[in-house]
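The values are calculated or read from the model by the stated rules, or taken from the named source; none is laboratory data. Keep in mind that this is a model prediction, so the values were computed, not measured. With ideal geometry, Cβ positions are generated from the backbone for all residues, glycine too; neighbour counts draw on all protein chains shown. Areas reflect the complete protein model, heavy atoms only, side chains present, ligands, DNA and RNA absent. Shrake-Rupley method; radii C 1.70, N 1.55, O 1.52, S 1.80 Å.
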Amino acid sequence: MAGVSLLALLDDIATLLDDIAVLSKVAAKKTAGVLADDLAVNAEQVSGVRAERELPVVWAVAKGSLLNKLILVPAALLMSLYAPWLITPVLMLGGTYLCYEGAEKLHEWIVHKPKESSAQERLDHLSLPKIDLLTLEKDKIKGAIRTDFVLSAEIVVIILGSVADTSFTNQVIVVAGLALFFTIAVYGLVAAIVKMDDVGLYLVEAEKAGRNGRVGGLLGRGLVNAAGPLMHALSVLGTIAMFLVGGGILVHGWPWLHHWFEPLTSLWAMLANSGVGVITGLAVLGLITLITRLRALG
C-alpha cells in the first residue's frame, strides 16, 4: 500500500509539473512583448554612467525590481483569490496602457528628430564632479525602479490572466516562478548589453597590444559597433510588441471582437491585434493631449 501511495504521489507531482510547464510556456509567450520593452527601457536607463559603475547600477535596479515583485505578486494573487472578477478589467487597463505607451513612442519617432547630442550629453555627464555623478546615478536608479514597477505590474497581471482558469496552487507557482525568472533574465541581459562596448574595446586594445589575434580584434569591433544598433532594435521591437500584446489583450477582452477575428490565420490575427493596439494607443494619446491642452488654456 505504501508503494502504491508513493507512486500515486509521484504521478500527481509529475502531472502538476507538466501543467505548470505548459502554463508557464503560454504565459511566457504572452509577456514576451512587455519583456522586450522592459529589456530595452532598462538597458537605456542604466546607460550613461561610468564603466566601472555600470554593473553596480544594474544590480541596484535589479534589487529594486525584486522588491517590486515582492509587492506586486502577492497583490495579484490576492486579487485572484478574493476578487477574480477584477482580473479582466485590470488586464484591459494594462493592455490600454501598453497601447498608449507604444503610441507615445511612435509619436516621438515621427514628430521629434532623434537627439543627435545624446552621445555628447553622455560625455558631459561623465565629466561631472564625483558628487554630481553620484546624484545622477541615484536619480537613474530611482527612475529605472519606478519604470520597472509599471512594467512589472503589466507582466504580473498578464501572467496571472494566462493562468486565471487553473488552481490557485498553480497560479502561485507560475506567477512567482516566472516573475523571479524574468527578473534574473532581464537584468542579466541588461548587464550583458551595457558591457558589450567595454568588452569590445578590451578585445580591440588586446589586439593592438598583441595579446590576441585578428579574430579577437574583429570580434571586439563588432561588439562595439553592434551595441548602439542593438539598443535601437530592442526599442523598435519592444514598441511593436507593445501594440501586438496590448491589442491582443483588448481583443480577448471584447468577446465580439475576438469572435470577429477568430477565423483569421495566425499572421492576419497578429496584424489585426496590432492594428487594434495602434488605433487604441493613438486614440488615448489624442485624448490625453486634448485634455492637457484644455487644462493649459483654463
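Just one of the numbered conditions (1) buried (at least 21 other Cβ atoms within 10 Å of the Cβ); (2) hydroxyl-bearing (S, T, Y); (3) free of Cβ contacts under 8 Å to residues at least 24 places away in the same chain is not true of S167: (1).
When we screen A76, A103, A144 for residues that are closer than 22 Å to L189 by Cα, modelled with pLDDT of 75 or more, part of a helix (DSSP H, G or I) and not β-branched (V, I, T), the only hit is A144. Scanning the range 61-74 for residues that are open to solvent by less than 30 Å² (accessible area, probe 1.4 Å) and not polar (S, T, N, Q) yields V61, A62, G64, K69, L72, V73. Quick check on E154: is it among the acidic types (D, E), surrounded by 16 or more Cβ atoms within 10 Å (Cβ to Cβ) and at pLDDT below 75? Judged against the criteria, E154 is not a match.
List the pairs whose first member sits in the range 81-110 and is closer than 19 Å to L244 by Cβ, whose second member is of a type in the set (F, W, Y), and whose Cβ atoms are under 6 Å apart, counting only residues at least 6 apart or on separate chains? Within 6 Å, the pairs are G102/F243. Comparison of L128, L136, L93, L98 shows that the only residue that is out of contact with any Ser or Thr (no Cβ under 6 Å at 6 or more places or on another chain), at pLDDT 85 or above and either within 30 Å of A272 (Cα to Cα) or surrounded by 12 or more Cβ atoms within 10 Å (Cβ to Cβ) (or both) is L93. On the stretch given as the range 139-151, residues that are within 12 Å of the chain's Cα centre (by Cα) and open to solvent by 10 Å² or more (accessible area, probe 1.4 Å) total 3.
Every test in (1) open to solvent by less than 70 Å² (accessible area, probe 1.4 Å); (2) modelled with pLDDT under 85; (3) within 20 Å of the chain's Cα centre (by Cα) is passed by V49 save one, and that test is (3). The criterion of at least 2 residues that are of a type in the set (S, T, N, Q) and either open to solvent by 90 Å² or more (accessible area, probe 1.4 Å) or under 21 Å from E108 (Cα atoms) (or both) is met, among helices (runs of 4 or more DSSP H) falling completely within the range 192-298, by 214-253, 266-297.
Would you point out which residue out of G217, G161 is in contact with a Leu (Cβ under 9 Å, 6 or more places away or on another chain), at pLDDT below 80 and within 26 Å of S80 (Cβ to Cβ)?
Working: G217 fails: within 26 Å of S80 (Cβ to Cβ).
It is G161.
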